[in-house]
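The structure under discussion appears below in the form of structure tokens.
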Amino acid sequence: MTPGNVVWVGKERSKAAFEAFFAALGPERAAAVEAISLDGSSVYLPVTREQIPQARICLDPFYVIKWTNEVVESVYRAEAPHMPSGPAAAIYLCLGGVDLVYSRKPE
């Protein structure tokens, strides 16, 4: 195998299709896999850990950013009703909390 090249493409996103990849790859070549890039599907990780436990698992950055945005959005929705509005809002966001904004004495 040549690093950086696509070596196999399946027709469906299923456990069976991914297992077929490892069957086609064979145990000798599977043992030589150093790293694998996975997307966010829950199907791939268990098969990867079973078939090539030595490989470093890399996640597609698209999914990492997507998951991060979902968490940030959920925290924002939960905290937005408690955040100050007006000029204090910018200071609140920059400093990370109401305690920092209101614990300082005006100069």
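Please treat every number below as a calculation from the coordinates, not as lab data. Because the structure is a prediction, the values reported are computed rather than measured. Don't worry about glycine lacking a Cβ; one is built from the backbone with ideal geometry, like all the others, and counts go over all protein chains shown.
Averaging the sequence gap over all C-alpha pairs within less than 8 Å and six or more residues apart, then dividing by the number of residues, gives the stretch 1-52 a relative contact order of 36 percent. Taking amide H as placed 1.01 Å from N in the peptide plane, residue 38 has its amide H under 5 Å from the amide H of 58, 59, 60, each at least 5 places away in sequence or on another chain.
Which net charge results when you count Lys and Arg as +1 and Asp and Glu as -1 among the other residues whose beta-carbon is under 13 Å from that of residue 65? Walk me through the numbers on the way to the answer.
Values: positive: 66; negative: 39, 60, 70, 73.
For residues surrounding residue 65, the net value is -3.
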